[in-house]
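Below is one structure; the comments refer to it alone.
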Amino acid sequence: MTVYDAVIIGGGAVGLSTAYNLRKKGLRVAVLEKNYVGSGSSTRNGGGYRVHFGSEHNVRYMVEGRKRLLNLGKELRWNPTALETGYLWLLATEAQIDEFKRLNQTWSSLGVAGRFIGVKAASELLPGANLEGLTEAFIGPQDGTFHHDLVVLGYQARLRELGVEVFEQSPVEGFTVDSSRVKAAWIGSKQFEAEKFVLCAGAWSSPIAQLAGVSLPIRPERRELGVTEPIKYFIKPFTISPYHGIYLAQGLRGEIRGTVLDLKTDGFAPLLSTLEWTRTYASRIIKLLPFISNIRLNRQWSGYYEMTPDHSQIMGSSSKWPEGFYVAAGFSGHGMMMSPLTGELMAENVADGRVPPLMRPYSPDRFERNELIHEAMVF
């Protein structure tokens, strides 16, 4: 039986990034994935990244996270096609405009100011769009898009080169906890012993943590997305319209992917595609882009957000937990874009025993201390 320095539970982007960065520090690492690598939320998302959040902590996090993401192709030698397309917000009410003015003061102080561009300029970024009812538009030029599958595949390829064992179809069924320390994880009759265990299982993190006697305030929330057949490329920015209740982006092949902002189902609802979503999304996107009414919806899918009470992630360990047990989960829809930096910070915490400054606010103990990181900009 092999004894590892660290076992990562969860083969999504956060888990793979954590395993990669721990291996770079020389640790013997294994990854346990209950299904196949990337089968959870990592390959079921919208593929956008941004620095523009409502919480100053999350802005600071993604200012650094953006740097890691844009450098990831060089790091992994696997191009994730990260592009600085910008994020375009379409605004309709004075309250929305005032909120963005307030937020932009914080963003400016942190070196990532956006700018108001007006509806006319927005119409040039979205040629042919029906912008009736809108009064303003805001662009975040530092934001952009990437291909989530290529991030997962890139990490998987590097882990293979570095000799990290990845065990697929391996759901953790229990832990051995001895003298307040996690000693092993169990999969059937097979045990994986390690000094450290890092839980990166996304929406499934809470029930797995309970097996080690740890309570996590993470709940799943099912959302749906869809992608059209390819058409001529005309949408550069990742576009969010609270007025229409949708976000959308266009891939380099011309496919338009997007979702409805306000349709969600709490809990582990089946990962099915619903007609309600199809009808709602179609009617809303056609209102914004009337000329695409005849294109076909090519594919539709669903996935889970991993929501915390303050919509910000949980990172690290707690003195109230068994020793050697760590968590990086609860990213509330932002885990994919945050994964390169998250793995780096978690590796420093797990391998070196330090809590990096950027990671410190996300302590699992913040809920008891009432030091929440309220994040309102969840799409």
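The values are calculated or read from the model by the stated rules, or taken from the named source; none is laboratory data. If you're wondering where the values come from, they're calculated on a predicted model, not measured in any experiment. Positions of Cβ are backbone-derived with ideal geometry, glycine not excepted, and every protein chain shown enters the neighbour counts.
Here is how the numbers come out for the structure above:
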item: Criterion (within 22 Å of PHE53 (Cβ to Cβ) and without any contact (Cβ under 8 Å) to a residue 60 or more places away in the chain) met by exactly one of GLY330, GLY316, GLY335, GLY343; result: GLY316
item: Filtered residue count, segment 339-369, keeping only those that are surrounded by fewer than 24 Cβ atoms within 10 Å (Cβ to Cβ), assigned to a helix (DSSP H, G or I), within 17 Å of the chain's Cα centre (by Cα) and of a type in the set (A, V, I, L, M, F, W, C); result: 1
item: Which numbered condition GLN105 fails, given (1) exposed (fewer than 13 other Cβ atoms within 10 Å of the Cβ); (2) more than 27 Å from SER206 (Cα to Cα); (3) touching a residue at least 40 places away in the same chain (Cβ under 8 Å); (4) out of contact with any Lys or Arg (no Cβ under 7 Å at 6 or more places or on another chain); result: (3)
item: Output for segment 124-173, where each listed residue is closer than 26 Å to HIS52 by Cα, within 21 Å of the chain's Cα centre (by Cα), of a type in the set (D, E, K, R) and surrounded by 15 or more Cβ atoms within 10 Å (Cβ to Cβ); result: ASP143
item: Members of segment 166-182 found to be without any contact (Cβ under 8 Å) to a residue 24 or more places away in the chain and of a type outside the set (Gly, Ala, Ser), listed by number; result: THR176, ASP178
item: Residue selected from segment 45-83 under the condition at pLDDT 95 or above and of a type in the set (Phe, Trp, Tyr), by the criterion farthest from HIS311 (Cα to Cα); result: TYR49
item: Residue among LYS34, LYS24 that is touching a helix residue (DSSP H, G or I) at 6+ places or on another chain (Cβ under 8 Å), farther than 21 Å from GLY144 by Cβ and surrounded by fewer than 19 Cβ atoms within 10 Å (Cβ to Cβ); result: LYS24
item: Residue among GLU375, GLU323 that alone is exposed (fewer than 15 other Cβ atoms within 10 Å of the Cβ) and touching a residue at least 60 places away in the same chain (Cβ under 8 Å); result: GLU323
item: Some residue of segment 46-67 being over 27 Å from HIS148 (Cβ atoms) and surrounded by 15 or more Cβ atoms within 10 Å (Cβ to Cβ); result: no
item: Segment 348-361 residues that are at pLDDT 95 or above, paired with ones that are buried (at least 19 other Cβ atoms within 10 Å of the Cβ) and of a type in the set (Val, Ile, Thr) (beta carbon under 9 Å, 6 or more apart); result: VAL350/THR18; VAL350/VAL198; MET359/THR342; PRO361/ILE373
item: Per-region count, segment 220-237, residues assigned to a loop (DSSP other than H, G, I, E, B) and closer than 19 Å to TYR87 by Cα; result: 5
item: Close pairs (9 angstrom Cβ cut-off, 6 or more residues apart or separate chains): farther than 11 Å from GLU136 by Cα in segment 86-100, exposed (fewer than 14 other Cβ atoms within 10 Å of the Cβ) anywhere; result: GLU99/ALA376
item: Residue within segment 181-196 that is over 24 Å from ASN45 (Cβ atoms) and acidic (Asp, Glu) present; result: yes
item: Any hit, segment 370-377, residues being in a loop (DSSP other than H, G, I, E, B), of a type in the set (Asp, Glu) and within 26 Å of LEU72 (Cβ to Cβ); result: yes
item: Single match in VAL198, VAL164 (criterion: under 26 Å from PRO217 (Cβ atoms) and among the aliphatic types (A, V, I, L, M)); result: VAL198
item: The listed residue being of a type in the set (A, V, I, L, M), in a helix (DSSP H, G or I) and in contact with a Ser or Thr (Cβ under 9 Å, 6 or more places away or on another chain), out of MET315, MET336; result: MET336
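Conditions (1) under 22 Å from VAL378 (Cβ atoms); (2) surrounded by 15 or more Cβ atoms within 10 Å (Cβ to Cβ); (3) modelled with pLDDT of 95 or more; (4) not assigned by TED's automatic domain parsing to the domain that holds VAL227, marked per residue:
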site	(1), (2), (3), (4)
ALA249	yes, yes, yes, no
LEU261	yes, yes, yes, no
ASP266	yes, no, yes, no
PRO270	no, no, yes, no
ARG279	no, no, yes, no
